[in-house]
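Shown next, in structure tokens, is the structure this report addresses.
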Amino acid sequence: MMHLECECGNRTNLFATGDRDEHGREFIELEDDDRFSFIIGEDSLMFKCSFCGYRYRLKSYE
């Protein structure tokens, strides 16, 4: 399990679902969809805090 915490104190966990893709990678989901939302971009993943609106960007390094 991983967790994500905003500067405002809002936090949620990412948990493994038990399902895997054809390469053996396990899928993860947000524990509480109301705390954060996410957008998959062309070269990054953006998380948005539902409490304060702050956004975090995780850039792809492949």
Margin query: Among the residues in segment 31-52, are any in contact with an Asp or Glu (Cβ under 6 Å, 6 or more places away or on another chain), free of Cβ contacts under 8 Å to residues at least 24 places away in the same chain and exposed (fewer than 13 other Cβ atoms within 10 Å of the Cβ)?
Written below: no
Check: List the pairs whose first member sits in segment 2-20 and is in contact (Cβ under 8 Å) with a residue 24 or more places away in the chain, whose second member is surrounded by 10 or more Cβ atoms within 10 Å (Cβ to Cβ) and aliphatic (A, V, I, L, M), and whose Cβ atoms are under 6 Å apart, counting only residues at least 6 apart or on separate chains?
Finding: M2/L14; T12/L4; T12/L30
Notebook entry, point to check: In segment 27-48, which residues are farther than 22 Å from K59 by Cβ and at pLDDT 90 or above?
Noted result: R35
Check: In segment 11-30, what residues are surrounded by 11 or more Cβ atoms within 10 Å (Cβ to Cβ) and of a type in the set (S, T, N, Q)?
Finding: T12, N13
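The values are calculated or read from the model by the stated rules, or taken from the named source; none is laboratory data. Note that the structure is a prediction, hence the values are computed from the model and not measured. Cβ sites come from the backbone with ideal geometry, for glycine too, and all protein chains shown count toward neighbours.
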